[in-house]
Amino acid sequence: MSQTANPFGLRPVYHPSGVIRPVVGTIASGYASNILQNQPVAIAADGTITAAAVGARFTGVFQGCEYTDSEGRRRVTNRWTANLVATDIVAYYTRDPSIVYEIQANGTIAQADVGSQADFTTITAGSLVTGLSAIALDQATLTNAGNASLRILGFGTQADNAVGDSYTIVRVQISEHQSVADRAAY
């Protein structure tokens, strides 16, 4: 996989406690952007969940939602479709700043990049068919001199992933979390 670009967003891998617990929030009816599973989300000023902007502070990743559609049917899905009008909207997302995620980079990540920070790629990447995000770690934004959205902790343990592969899979934490002060690079 890490020799082929096949990004999957920010996939929760583990939490130091051993349990990853999504929390619930809501999305405003008619919200105008798609939100896909494993896509970064932020808490807006009105308390609703929104798609996070590249380079902005965010709180976690979207895991899915349920809502009552305009025909009165209850829907459960891994994506929010832009401009959807619904009621009783429940959004599931990760919020704990200690969660470790895996993300595929859009380029090579070296051992020396552990501890560095980077942003993710365009937030609109993904598929409405599968409902999965396709954001990647933006290798061009790597920095060890300032803050960026994600801090690299290490490398994915998949058999087909190796340090320095063309599209390295790395483990990260949110370094610009909405609930925590920024974590500068090591």
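The residues of the chain have, on average, 44 Å² of accessible surface per residue, using a 1.4 Å probe with all protein chains present.
Each of the peptides 7-15, 173-181 was scored by the mean count of other Cβ atoms within 10 Å over its residues; in descending order, highest first, they stand as 7-15, 173-181.
Between the beta carbons of Thr68 and Ala44, assuming R0 = 25 Å, the FRET efficiency works out to 0.70 to the nearest 0.05.
Mean separation of Cα pairs under 8 Å and 6 or more residues apart, divided by the residue count, gives the chain a relative contact order of 27 percent.
Scattering from the range 8-96 was approximated by placing one identical point on each alpha carbon and applying the Debye formula without solvent; log10 I(q)/I(0) at 0.13 1/Å stands at -0.40. Each peptide among 54-62, 85-93 gets the average number of other Cβ atoms lying within 10 Å of its residues, and from highest to lowest they stand as 54-62, 85-93. Full extension of the segment from Val24 to Thr130, taken as 0.36 nm per residue of separation minus the current Cα-Cα distance, would add 36.0 nm. Couplings 3J(HN,Hα) for the range 10-17, derived from phi with the Karplus relation 6.51 cos²θ - 1.76 cosθ + 1.60 (θ = phi - 60°), are 9, 8, x, 10, 7, 10, x, 6 Hz, where x marks Gly and Pro.
How would you order 134-141, 70-77, 145-152, 106-113 from highest to lowest mean count of nearby Cβ atoms within 10 Å? Walk me through the numbers on the way to the answer.
Numbers: 134-141: 20.8, 70-77: 9.6, 145-152: 19.1, 106-113: 15.8.
Taking the mean over residues of other Cβ atoms within 10 Å, the ranking is 134-141, 145-152, 106-113, 70-77.
Full extension of the chain segment joining His15 with Ser166 gains 51.6 nm, where the gain is 0.36 nm per residue of separation less the Cα-Cα distance.
The values are calculated or read from the model by the stated rules, or taken from the named source; none is laboratory data. Source: prediction; values computed, not measured. Here Cβ is always computed from backbone atoms with ideal geometry, including for glycine, and neighbour counts include all displayed protein chains. Each accessible area value is taken on the protein alone, full model and side chains, heavy atoms only, with ligands, DNA and RNA left out. Shrake-Rupley method; radii C 1.70, N 1.55, O 1.52, S 1.80 Å.
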